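> Supplied in structure tokens, the structure appears directly below.
The values are calculated or read from the model by the stated rules, or taken from the named source; none is laboratory data. Every value quoted in this text rests on a predicted model; they were computed, and no experiment measured them. Cβ atoms come from the backbone with ideal geometry, glycine included; neighbour counts cover every protein chain shown. The accessibility values were calculated without ligands, DNA or RNA, using every heavy atom of the protein model including side chains. Shrake-Rupley method; radii C 1.70, N 1.55, O 1.52, S 1.80 Å.
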Amino acid sequence: MSIIAGSYERFIWGFKLKPTKHDADNQTLILTPLFSYPSHISPITTVACSGPAAASGGSDDTIHLYDLPSASSLGSLLDHNHTASITALSFYTPSSLSFPRNLISAAADGSVAIFDTDPFVLLKSFRPHKKAVNDLAIHPSGKLALAVYRDEFFTMLNLVRGKRSFCCRLGHEASLVKFDPSGESFFMVVNNKVGVHQSEDAKLLLELENPSRKRILCATPGESGTLFTGGEDRAITAWDTNSGKLAYSIEDAHPARIKGIVVLTRNGSDGSLEDPYLIGSASSDGIIRVWDVRMAAKQNTKPLAETNTKSRLTCLAGSALRSMRRPQIGKQQAQKSDKGQEN
């Protein structure tokens, strides 16, 4: 498995999670550096990865691509029609594939771009709303996406036709939107609250409020209706979105606010660890940690692995590396860049 993180200092960080000891009673993990170099000319705002492919977006209006198995940069996508900071990136990978089929990007100018990933070429670019996109989520079917905006708007996007299918004003600014893996519900984060909505008609099913009343800065869905959140309270909180109750929390998970959280899935077919209980988290002081959430009920929960990038991290993503295919970029789509310094 691999973890990538973006930083305010323009650096992209890549790590491979490896077992150093694994038996029935104990397991030890280590985050081994894959690469580290300044891939953007201004802060990195968002990262995404799936299988061997990874991408980063920055406030320099560019999208960069990476091949995780070879720990190399593939260059930047030039033809994406974004004229402002990239604010959201998301890969769509069908459950039957180990390589992503599409990359969807959104920007502060309200534009959305849809890319084919084999090779990486632009399929469609459109502007469903005029204001900045805060976040974007793709439905498990790959046919539609949801977007939330800085001016308190919410839209549903038809990815097949490349057009907006629904738009409404929320009355409050949502910073994050995520689909449940089943696609039957989605989550919207507003300040310190999470709304659980029915996907069919966006009906609000229930609302979760952070007990600390501090702002939620990142969220990722897990299995069976679990939602993990992190933010200004420095805790990792797991919610049971079926009952609306707090399942458990890792208090003081980081010494600074948590800016990224990811569920680290694994297929086990290549000899890697097979339990599905690992999550990764990153804080604004540069620390990345990996946790076994089964240990959350114990006092003084310790991370299974940890590394310190000594940079101001802004975002986090993870991949199970199930495919060894090398991502390719269309001939007129990318600008070559050096591999950079491996760290």
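> Going through SER224, SER243, SER212 one at a time, which residue ends up being at positive phi, open to solvent by 40 Å² or more (accessible area, probe 1.4 Å) and over 18 Å from the mean Cα position of the chain (by Cα)?
Values: SER243 fails: at positive phi; SER212 fails: at positive phi.
Matching residue, one of SER224, SER243, SER212: SER224.
> Where the second residue is open to solvent by 90 Å² or more (accessible area, probe 1.4 Å) and the first is over 18 Å from SER185 (Cα atoms) and lies in the stretch 201-228, which pairs have Cβ atoms under 7 Å and are six or more apart or on separate chains?
Listed pairs, sorted by first residue: LEU217/ARG257.
> Could you check the stretch 82-170 for strands (runs of 3 or more DSSP E) lying wholly inside it with 2 or more residues that are without any contact (Cβ under 8 Å) to a residue 40 or more places away in the chain? Reasoning before the result, please.
On the way: elements: 86-92, 102-107, 112-117, 120-126, 133-138, 144-149, 153-158, 163-169.
Because the criterion is at least 2 residues that are without any contact (Cβ under 8 Å) to a residue 40 or more places away in the chain, the strands (runs of 3 or more DSSP E) in the stretch 82-170 that meet it are 112-117, 120-126, 144-149, 153-158, 163-169.
> Name the residues in the stretch 174-191 that are more than 19 Å from SER243 (Cβ to Cβ) and either over 19 Å from the mean Cα position of the chain (by Cα) or modelled with pLDDT under 95 (or both), would you?
The one that is more than 19 Å from SER243 (Cβ to Cβ) and either over 19 Å from the mean Cα position of the chain (by Cα) or modelled with pLDDT under 95 (or both): GLY183.
> State yes or no: is LEU157 at pLDDT 95 or above, surrounded by 21 or more Cβ atoms within 10 Å (Cβ to Cβ), within 20 Å of VAL196 (Cα to Cα) and in contact with a Phe, Trp or Tyr (Cβ under 8 Å, 6 or more places away or on another chain)? Quick ask: steps written out before the conclusion?
On the way: at pLDDT 95 or above: yes; surrounded by 21 or more Cβ atoms within 10 Å (Cβ to Cβ): yes; within 20 Å of VAL196 (Cα to Cα): yes; in contact with a Phe, Trp or Tyr (Cβ under 8 Å, 6 or more places away or on another chain): no.
So LEU157 does not fit the description; no.
> Can you name every residue in the stretch 86-135 that is open to solvent by less than 20 Å² (accessible area, probe 1.4 Å) and of a type in the set (Asp, Glu)?
Matches in the stretch 86-135: ASP135 only.
> Condition first: assigned to a loop (DSSP other than H, G, I, E, B), over 15 Å from GLN328 (Cα atoms) and in contact with a Phe, Trp or Tyr (Cβ under 8 Å, 6 or more places away or on another chain). Can you find one or more residues in the stretch 71-78 that meet it?
no
> Of these, LEU74, LEU97, LEU89, LEU34, which one is over 17 Å from the mean Cα position of the chain (by Cα), within 25 Å of LEU144 (Cα to Cα) and aliphatic (A, V, I, L, M)? Break it down into steps so the answer makes sense when it comes.
Working: LEU74 fails: within 25 Å of LEU144 (Cα to Cα); LEU89 fails: over 17 Å from the mean Cα position of the chain (by Cα); LEU34 fails: within 25 Å of LEU144 (Cα to Cα).
Residue meeting the stated conditions: LEU97.
> Of the conditions (1) open to solvent by 10 Å² or more (accessible area, probe 1.4 Å); (2) under 24 Å from ALA282 (Cα atoms), ASN81 fails just one. Which one is it?
Only one criterion is unmet by ASN81, namely (2).
> When PRO181 is evaluated against the numbered criteria (1) open to solvent by 60 Å² or more (accessible area, probe 1.4 Å); (2) farther than 16 Å from SER90 by Cα; (3) part of a loop (DSSP other than H, G, I, E, B), which criterion, by number, is the only one it fails?
Every listed condition holds for PRO181 apart from (2).
> In this structure, does HIS254 turn out to be outside any loop (DSSP other than H, G, I, E, B) and not β-branched (Val, Ile, Thr)?
On the way: outside any loop (DSSP other than H, G, I, E, B): no; not β-branched (Val, Ile, Thr): yes.
Spelling it out, it is not the case that HIS254 is outside any loop (DSSP other than H, G, I, E, B) and not β-branched (Val, Ile, Thr).
> Kindly provide the set of residues from the stretch 184-197 that are surrounded by 15 or more Cβ atoms within 10 Å (Cβ to Cβ) and either at negative phi or small (Gly, Ala, Ser) (or both), ordered by number. Lay out the reasoning, then the answer.
Let us first name the residues in the stretch 184-197 that are surrounded by 15 or more Cβ atoms within 10 Å (Cβ to Cβ), namely 185-197.
Passing the criteria: SER185, PHE186, PHE187, MET188, VAL189, VAL190, ASN192, LYS193, VAL194, GLY195, VAL196, HIS197.
> Checking the condition at pLDDT 90 or above, under 16 Å from ILE329 (Cα atoms), touching a strand residue (DSSP E or B) at 6+ places or on another chain (Cβ under 6 Å) and not aliphatic (A, V, I, L, M), which residue from THR62, THR32, THR46, THR87 passes? Step through it out loud before you land on a result.
Working: THR32 fails: under 16 Å from ILE329 (Cα atoms); THR46 fails: under 16 Å from ILE329 (Cα atoms); THR87 fails: under 16 Å from ILE329 (Cα atoms).
Only one candidate qualifies: THR62.
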